[in-house]
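Data block below; observations after.
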Amino acid sequence: MNISNEKKMNPGPLGLLGFGLSTILLNIHNLGVNSLNTVILAMGITLGGLAQVIAGILFLKEKNTFKGTAFTSYGLFWFSLVLVWIYKPADVNVGSSFDLGLNLLLWAIYSLVMFSATFRQNLITRIVFGLVTILFSLLAIGHLANLPLIINIAGGVGILAGISAFYDAAGQIVHEEYEKKFLPFF
């Protein structure tokens with residue numbers, strides 16, 4: 001068998017679906033439609049966390065620093081966020097909205113760095129990272145200043161970011177299967 005004719009594995013759609021679906025679900029909550037619940041936590045751990053970490057590790061194995069770092073770090077963000085929500089030991093301060101805002105501010109800065117590295121990527125990747133940067137920035141402001149309306153607005157941005165990531169994943173899957181580009185922005 002000629003190895004050069006074999007298809008190369010693409011972990012991108014797995015990571016993008018993990019990010020996209022969990023981000024949509026969480027930001028429906030941020031929009032104020034529902035309360036934080038076990039459905040969001042389970043999606044955060046499995047698709048938001050585990051799927052992205054797996055995709056990231058596979059990209060790191062391929063020596064793709066950008067995609068490997070992005071998927072692994074955002075996947076670990078999901079694990080840490082779920083831990084913040086569920087881990088409440090008696091002798092540890094659970095933290096405030098302000099504390100969460102500081103965490104989100106760091107993720108906004110990190111996302112801006114990642115966004116700045118997307119200008120060699122396709123348009124949909126730039127859209128996803130641009131929206132994620134705006135999302136983390138708004139969430140940080142909303143939590144730091146205790147402004148629920150800003151968190152609600154962030155929810156709308158987050159849904160758009162999740163839809164964009166889902167679109168990116170769907171496009172990669174469809175384009176790879178048909179060996180032809182059907183969807184724009186790639």
task = Tell me, yes or no, whether the range 133-156 has at least one residue that is surrounded by 16 or more Cβ atoms within 10 Å (Cβ to Cβ), under 16 Å from GLY48 (Cβ atoms) and without any contact (Cβ under 8 Å) to a residue 60 or more places away in the chain.
result = yes
Exactly one of ILE45, ILE86, ILE109 is touching a Phe, Trp or Tyr at 6+ places or on another chain (Cβ under 9 Å), β-branched (Val, Ile, Thr) and over 20 Å from VAL128 (Cα atoms), and that residue is ILE45
In the set LEU41, LEU31, LEU47, the lone residue that is under 21 Å from ILE150 (Cα atoms), touching a helix residue (DSSP H, G or I) at 6+ places or on another chain (Cβ under 8 Å) and either of a type in the set (Ser, Thr, Tyr) or surrounded by 14 or more Cβ atoms within 10 Å (Cβ to Cβ) (or both) is LEU31
Considering the range 8-32, residues that are in contact (Cβ under 8 Å) with a residue 60 or more places away in the chain and part of a loop (DSSP other than H, G, I, E, B), and then whichever is farthest from GLU177 (Cα to Cα), we arrive at GLY32
Flag if LEU100 is surrounded by 12 or more Cβ atoms within 10 Å (Cβ to Cβ), closer than 20 Å to PHE166 by Cβ and either in contact (Cβ under 8 Å) with a residue 60 or more places away in the chain or not β-branched (Val, Ile, Thr) (or both)
no
#### Entry: Verdict on LEU105 being surrounded by fewer than 21 Cβ atoms within 10 Å (Cβ to Cβ), modelled with pLDDT of 95 or more and either at positive phi or in a helix (DSSP H, G or I) (or both)
yes
Within the range 60-76, residues buried (at least 16 other Cβ atoms within 10 Å of the Cβ), closer than 17 Å to ARG120 by Cβ and not hydroxyl-bearing (Ser, Thr, Tyr) come out as ASN64, LYS67, GLY68, ALA70
Over the range 116-132, the set of residues surrounded by fewer than 23 Cβ atoms within 10 Å (Cβ to Cβ), of a type in the set (S, T, N, Q) and at pLDDT 95 or above is SER116, THR118
- Task: Could you tell me whether the range 75-90 includes any residue that is at pLDDT 95 or above, part of a helix (DSSP H, G or I), of a type in the set (Ser, Thr, Tyr) and closer than 21 Å to LEU25 by Cα?
- Result: yes
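The values are calculated or read from the model by the stated rules, or taken from the named source; none is laboratory data. As the structure is a prediction and not an experimental result, all values here were calculated from the model. Here the Cβ is made from the backbone with ideal geometry for all residues, glycine too, and neighbour counts use every protein chain on show.
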